[in-house]
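Worksheet for the structure shown next.
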Amino acid sequence: MFSPRPKPWKSRDAIDSGSWRLSSEVLTSQVQAEARRLLYVACTRVKDLLILSGAPNNSTINPKEGEITISWGHKPTPRFGWMWLEAIRQAARRDGLLTALPVPLPFRAKGEVIISPSEMMTTPFLAPNILPSLKIYHHPDFILPKREHLSPLVKYTRLEQSARLVNPSTIDLAPPRTAQRKMRLAPHTLDSAKSCIRRHWLSQYVGISSEPVKLPFVPKENAETTDGYTPLAANELGSLFHRLVELGLPNPGISGKEPSTPLSELWVSPTPNQMLEPSLISQVLDELLPTSANRDLAAGMLRKMAEILLDGKLGRLVQGATIDGLYVEGLRTEWPFLVNIEQALSDVMEDRWSPFGSQIVEEITSLTFELDGIADLVLCQTDGQSHNTIRAIDLKTTGGLSILNPPDEIEGTIFEIPSDPDDEIIRTSAELELLDHYRMQLYLYHLCLVRQEAMRGTIGMATREVIRPAILVASTGRLISWTEEEFEQIGQEFDDLIKQLALVEVKERGDEANFPRLPIEEEQTCSQCPYYRGNIRLCAPDGVALGVAEADEIESE
């Protein structure tokens, strides 16, 4: 009989059915019948001594009274010990060997039975002519003090002890072979690993989900408003605006017959400005807007952000303007990339156990990180003569939820605008914090473009100058970037991070002591970590208790 039991959902129990129950009961009956047969064979084939081992759960010994208290309970499948004793008792009474009146057990499903081992040894009242004595021992050494036959466990224990020999100096070990490793890594994890290596370890190696743990109640931040809609989350608004930019951002295309350097038609084909088209905004909302969100409010937020983008430096560039002597001749939204970064290693050995101690089997000489992802925008510019550039631009919607109602006091917020909005290196404190938060990811985009242009140069193609990447702040329409010195420092930090992640992968990941918690002074970093936020804290600054967080702490976060 074959009966399936499908489990299509991991979070739910398997689907039950009559055929499954029938086959399960048949299987259980067959197993029990075979076990009873083996017990019957043992009882009928015994010659001198029959030893039954085991004990009921929750049995206790009273050394003062010399009694054993056994908890019993009726079950659909009774224990073999109970069945065997009950069979002997019934057989003795049926054959007239027991004349005393039976003392019935109380009529209930469970209880306790008190047994005196001394009485069971002399008068067990179990088939007196066949079983005159039933001895109960609490340790096997009282049955066989000198065991000639050793159990498999004892044999293997002694074998293991004898295998722990001193490594003879005469053994000539072969030199270890060299090996290279490879590891896939998501680009967005670089900045989180840079801010806290313990967070990277918990996510990558412990396997904890990167979502905050929520207890089964509706959090306040997701509660319905008075109009019956659920407020739009920041990541949901980001997805909507990214999609709008992908489909609606204009491309002025090439002004001459050919681009200054070879570009595919996808880059240089002119496309109209559809950022404010109601039909496109409606399409984006149909694709990505949650059904519980306010559609009119979301559409208004997207229109406002689109207007701000088009009025900013990037918006004017993609509409054909010339700024700082450069104009756009091609662009690509949602630019895919794949890059391998090799990190050389030294003195990293992998060993294995042997009877003569730990032996080195291979030396890991390098680890290659494979990173693939999508950059929001890559912009190609030229001055029309010899200066041709390419750069990556990342779109961030920080503060976008307040785009329709910005704060009255904007100083220190993402809505603050410096004196020259087009100057990318004059930045406010909020913009500096945004750049610092995503510096590793932006450097990776820059590195991909540098390698792309270097490959073009090796095959004799014209190349472009890769200029520093930038972040487009959707709340203000500003492009912000780093100074030359700052970006050089970021490059050094990137190299150090890659080396640290390589050592974690091949050497340090097995010991939690290599990933201590951050000090309490860096609690601001922890406040952005999913393992600290939420109802249950899986990680926290050093000195802060883990577990269920207080309600006022969750509300303040």
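Scanning the stretch 287-309 for residues that are of a type in the set (Asp, Glu) and within 15 Å of Gly238 (Cα to Cα) yields a single hit, Glu287. For Arg184, the conditions (1) surrounded by 16 or more Cβ atoms within 10 Å (Cβ to Cβ); (2) at pLDDT 85 or above are fulfilled apart from (1). Filtered by the rule that a residue be surrounded by 13 or more Cβ atoms within 10 Å (Cβ to Cβ) and either without any contact (Cβ under 8 Å) to a residue 12 or more places away in the chain or among the aliphatic types (A, V, I, L, M) (or both), the stretch 460-488 gives Val466, Ile467, Ala470, Ile471, Leu472, Val473, Ala474, Leu479, Ile480, Glu486.
Annotation: of all residues in the stretch 51-64 being surrounded by 10 or more Cβ atoms within 10 Å (Cβ to Cβ) and assigned to a loop (DSSP other than H, G, I, E, B), the one that is modelled with the highest pLDDT is Ser59.
Of the residues making up the stretch 1-24, those that are exposed (fewer than 10 other Cβ atoms within 10 Å of the Cβ) and among the polar types (S, T, N, Q) number 1.
The combined condition, being without any contact (Cβ under 8 Å) to a residue 12 or more places away in the chain and either outside any loop (DSSP other than H, G, I, E, B) or hydrophobic (A, V, I, L, M, F, W, C) (or both), is not fulfilled by Ser19.
Within the stretch 362-372, identify whether any single residue is crowded, with 17+ Cβ neighbours inside 10 Å and in contact with a Ser or Thr (Cβ under 6 Å, 6 or more places away or on another chain), and answer yes or no. The answer is no; no qualifying residue exists. For the stretch 23-38, the criterion of being farther than 21 Å from Arg79 by Cα, part of a helix (DSSP H, G or I) and at pLDDT 80 or above is satisfied by at least one residue.
Would you check if Thr44 is touching a helix residue (DSSP H, G or I) at 6+ places or on another chain (Cβ under 7 Å), over 15 Å from Met120 (Cβ atoms) and either part of a loop (DSSP other than H, G, I, E, B) or in the same structural domain as Leu134 (by the TED database) (or both)?
For Thr44, the condition - touching a helix residue (DSSP H, G or I) at 6+ places or on another chain (Cβ under 7 Å), over 15 Å from Met120 (Cβ atoms) and either part of a loop (DSSP other than H, G, I, E, B) or in the same structural domain as Leu134 (by the TED database) (or both) - is not met.
As a summary of the residue check, Ala392 satisfies the conditions (1) assigned to a strand (DSSP E or B); (2) under 28 Å from the mean Cα position of the chain (by Cα); (3) modelled with pLDDT of 95 or more; (4) not β-branched (Val, Ile, Thr) except for the one numbered (2). Exactly one residue out of Arg352, Arg316 is surrounded by fewer than 14 Cβ atoms within 10 Å (Cβ to Cβ) and over 29 Å from Thr189 (Cβ atoms): that is Arg352. If you go through the stretch 397-415 one residue at a time, do you hit one that is assigned by the TED database to the domain that holds Arg303 and touching a strand residue (DSSP E or B) at 6+ places or on another chain (Cβ under 6 Å)? No, because not a single residue in the stretch 397-415 is assigned by the TED database to the domain that holds Arg303 and touching a strand residue (DSSP E or B) at 6+ places or on another chain (Cβ under 6 Å). Do you know which of the residues in the stretch 230-277 that are among the hydroxyl-bearing types (Ser, Thr, Tyr) and touching a residue at least 60 places away in the same chain (Cβ under 8 Å) is surrounded by the fewest Cβ atoms within 10 Å (Cβ to Cβ)? Across the stretch 230-277, the extreme among qualifying residues is Ser255.
Against the list (1) of a type outside the set (Asp, Glu); (2) over 29 Å from Lys507 (Cβ atoms); (3) assigned by the TED database to the domain that holds Ile471; (4) in contact with a helix residue (DSSP H, G or I) (Cβ under 6 Å, 6 or more places away or on another chain), the condition Met440 fails is (2). Give all pairs with beta carbons closer than 9 Å in which a residue from the stretch 202-219 that is more than 14 Å from Cys529 (Cβ to Cβ) and basic (Lys, Arg) meets a residue that is modelled with pLDDT of 85 or more and part of a loop (DSSP other than H, G, I, E, B); count only pairs at least 6 apart in sequence or on separate chains. From the stretch 202-219, the pairs are Lys214/Asn535.
Limited to the stretch 65-84, what total is found for residues that are part of a strand (DSSP E or B) and of a type outside the set (Gly, Ala, Ser)?
Of the residues in that region, 5 qualify.
Search the stretch 418-437 for residues being touching a residue at least 12 places away in the same chain (Cβ under 8 Å) and surrounded by fewer than 17 Cβ atoms within 10 Å (Cβ to Cβ), and hand back the single one that is nearest to Asn235 (Cα to Cα). Looking at the filtered set, the residue picked out is Ser429.
Condition check: modelled with pLDDT under 90 and either buried (at least 18 other Cβ atoms within 10 Å of the Cβ) or over 30 Å from Thr368 (Cβ atoms) (or both). Does Glu521 satisfy that? So Glu521 fails the test.
The values are calculated or read from the model by the stated rules, or taken from the named source; none is laboratory data. Being a predicted model, the structure only gives us computed values, none of them experimental. Neighbour counts are summed over all protein chains in view; Cβ atoms, including those assigned to glycine, are modelled from backbone coordinates with ideal geometry.
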